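The next block holds one structure in the form of structure tokens; read it before the comments.
Every number in this text was worked out from the coordinates using simple rules, so none of it is lab data. On a predicted model such as this, the values are computed, not experimentally measured, just so you know. Glycine gets a Cβ as well: all are built from the backbone with ideal geometry, and neighbour counts include every protein chain shown.
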């Protein structure tokens, strides 16, 4: 196994765990509150449910390495939405009243890496699909 494969595994597990925790937090703090907050910033409330479910289930799937490329793409889109709709006004590091978009950008970059380099080593994808099938998906 190459060092880059181990690095990608660590990145995949960390990002999956981070998104899982963020999704779980949305449910623990009251998913209706999340939906209400989405509405308050001009996003349909049902998208709060969609984002929370993607974060929760997608985080678990990323940890085990199932559908890595697809989940990573969804995470990139969620992070771009968070930056553009919520964080951009505060700047990269924040403005003293709220956090900046550095964390969201870091998560988006990590997810983009996994999307572009979805090497399936040590993943459920590698156990379920042949190398030829994975090459077709990754190209």
Original post:
Looking at segment 38-49, which of its residues are in a helix (DSSP H, G or I) and surrounded by 11 or more Cβ atoms within 10 Å (Cβ to Cβ)?
Top reply: 38, 39, 46, 47, 48, 49
**OP:** Being surrounded by fewer than 19 Cβ atoms within 10 Å (Cβ to Cβ) and either in contact with a strand residue (DSSP E or B) (Cβ under 9 Å, 6 or more places away or on another chain) or in a helix (DSSP H, G or I) (or both) is the filter here, so list the residues in segment 84-94 that pass it.
**Re:** 84, 85, 86, 88, 89, 90
Original post:
For segment 95-125, what are the residues that are within 22 Å of residue 58 (Cα to Cα) and outside any helix (DSSP H, G or I)?
Top reply: 101, 117, 118, 119, 120, 121, 122, 123
**OP:** Among residues belonging to segment 2-32 that are outside any helix (DSSP H, G or I) and at negative phi, point out the one that is surrounded by the fewest Cβ atoms within 10 Å (Cβ to Cβ).
**Re:** 2
Subject >> Residue among 52, 35, 72 that is closer than 25 Å to residue 7 by Cβ, touching a helix residue (DSSP H, G or I) at 6+ places or on another chain (Cβ under 9 Å) and crowded, with 18+ Cβ neighbours inside 10 Å >> reply: 72
